[in-house]
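**Student:** Please find one structure pasted underneath; my questions will follow.
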Amino acid sequence: LNERVPEPELEDEIGQLTRSINDLLGRLEQAMKREKQFTSDASHELRTPLSVLRGTLEVLIRKPRTSGEYEQKIQTALGTIDRMSAMIDQLLALARVENAKNLVREELELITFLEEKADQISSEQKRKITFQSQVSLPIYITTNEKSLEMILDNLLHNAIKYSPEDSDIFLRVGKSGAFPYIEVADSGSGIAEAHLEQIFDPFFREKEALDQGIPGTGLGLAIVKKLAQESQIKLSVVSKKDVGSTFRLDFPSQS
Ligand code: ADP
């Protein structure tokens, strides 16, 4: 794959074809590199907790402990198992998105859908989410409802996780000309400018999230990115460290 077809200085069809082939080979090479990196990251992320778990159990079996010590070690082991199963669930979700081409699309009214979503997550997570609509008329889009729901669940859960308990979270909907958009905005920890692209890479987590022990796998936004691509939704983020983040979804058109 590292080989390239020599590009003749031709403006004819053969010249163009050669350039297209080289472009394709370059993209294929990048994709294979990403795939390799993903496999190695995934195996690392799963093997590390597994060997911690093994270590914990080996220590326990080696010599008798007080019941308090047993309890504490077993709690740690259970925590590890929970984190691993969350990661496996998300890896499966990611694989499902990759395999699910041509998802069924249906008409959906965004204002009602989002109002309900804000209420649902608010009551589940015991956190206020303010719904705001910039327009009063219904907004119809044609999309896969399950995918949109998964995107919003991930973005709203992140907004909750990465912002102080009493701070505002907004779920907004509006239209930019004819094109509907959704925003999830928080006034939380924000994201460093240098990481604004990396946050969408599988397993990437900012150091602060790790240091503060905020639970997570680093897979949520990778899933969001894939789902958005599948649904032709443009995904973007504006964020400032210690000020907050706004994730935005722009829809291709109103149906
Ligand atoms: P997770 O939340 O499981 O770590 P994600 O893929 O959802 O994984 O997010 C990747 C990283 O991006 C997070 O670890 C965090 O550092 C950063 N991040 C995501 N959303 C936000 C947010 N709303 N505010 C601040 N940082 C965020």
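**Student:** Local charge sum around Ile160 (other residues, Cβ-Cβ under 11 Å, Lys/Arg +1, Asp/Glu -1)?
**Tutor:** Spelling it out: positives minus negatives among the neighbours equals 0.
**Student:** Just to be sure I understand: with springs between alpha-carbon atoms less than 10 Å apart, which residue in Ser43, Ser236, Ser163 has the highest mean-square fluctuation in the Gaussian network model of the chain?
**Tutor:** Maximum fluctuation in the GNM of the chain, among the listed residues, is at Ser43.
**Student:** Tell me, what are the semi-axes, in whole angstrom and largest first, of the equivalent ellipsoid of the range 155-255 as set by the roots of 5 times the Cα gyration tensor eigenvalues?
**Tutor:** 24, 16, 11
**Student:** If you wrap a convex hull around the alpha carbons of the range 118-203, what volume per residue comes out, as a whole number of Å³?
**Tutor:** It comes to 135 Å³ per residue, whole-number rounded.
**Student:** In whole angstrom, how long is each semi-axis of the equivalent ellipsoid of the range 5-46, when you take the square root of 5 times every eigenvalue of its Cα gyration tensor and sort them from largest down? Show your work: numbers first, answer last.
**Tutor:** Details: eigenvalues 249, 8, 4 Å².
For the range 5-46, the semi-axes come out at 35, 6, 4 Å.
**Student:** Pairwise over distinct Cα atoms, reciprocal of the mean inverse distance: report the Kirkwood radius of the range 82-226 in Å, one decimal place.
**Tutor:** Details: mean 1/r = 0.0607 Å⁻¹.
By the Kirkwood definition, the hydrodynamic radius is 16.5 Å.
**Student:** Same structure again: Report the Stokes-Einstein translational diffusion coefficient (µm² s⁻¹, integer) for the range 57-120, Rh taken as the Kirkwood radius over Cα pairs, at 10 °C with viscosity 1.306 mPa s.
**Tutor:** Rounded, D is 97 µm²/s.
**Student:** Taking only C-alpha pairs under 8 Å that are 6+ residues apart, what is the relative contact order of the range 137-193 in percent?
**Tutor:** 31
**Student:** Turning to a different aspect of this structure: Can you report the principal axis dimensions of the chain using only the alpha carbons, biggest first, rounded to whole angstrom?
**Tutor:** 80, 57, 36 Å, listed from the longest principal axis down.
**Student:** Here's another thing I want to ask about it. Where is the GNM fluctuation largest for the chain (alpha-carbon springs, 10 angstrom cutoff): Ile214, Ile141, Ile129?
**Tutor:** Comparing Ile214, Ile141, Ile129 in a Gaussian network model of the chain, the most mobile one is Ile214.
**Student:** A further question on this structure: Rank Ala118, Ala86, Ala222 by mean-square fluctuation in a GNM of the chain with C-alpha springs under 10 angstrom and give only the top-ranked residue.
**Tutor:** Highest fluctuation among the options: Ala86.
**Student:** When the Karplus curve 6.51 cos²θ - 1.76 cosθ + 1.60 is applied with θ = phi - 60°, which whole-Hz ³J(HN,Hα) does each residue of the range 117-125 get, with x for Gly and Pro?
**Tutor:** Going residue by residue, I get 4, 4, 4, 4, 5, 3, 6, 5, 9 Hz, with x marking Gly and Pro.
**Student:** So what are the range 188-234's ellipsoid semi-axes, whole angstrom, largest first, if each one is the square root of 5 times an eigenvalue of the alpha-carbon gyration tensor?
**Tutor:** They are 21, 12, 8 Å, listed largest first.
**Student:** What residues qualify as long-range amide H neighbours of Phe131, i.e. H under 5 Å apart, gap of 5 or more or another chain, H built at 1.01 Å from N?
**Tutor:** Distant-sequence amide H within range of Phe131: Leu171.
**Student:** Return a single number: how many Lys pairs in the range 64-199, at a sequence separation of 8 or more or on separate chains, have alpha-carbon atoms below 30 angstrom apart.
**Tutor:** Here the count comes out as 18.
**Student:** How do Val104, Val224 rank when sorted from fewest to most other Cβ atoms within 10 Å of their own Cβ?
**Tutor:** Listing Val104, Val224 from fewest to most nearby Cβ atoms yields Val104, Val224.
Any read-out appearing in this document is the output of simple, stated calculations on the displayed coordinates, not a laboratory observation. No experiment lies behind these values; they were computed from the predicted model shown. Because the Cβ atoms are built from the backbone with ideal geometry, glycine has one as well, and the counts that use them run over all protein chains shown.
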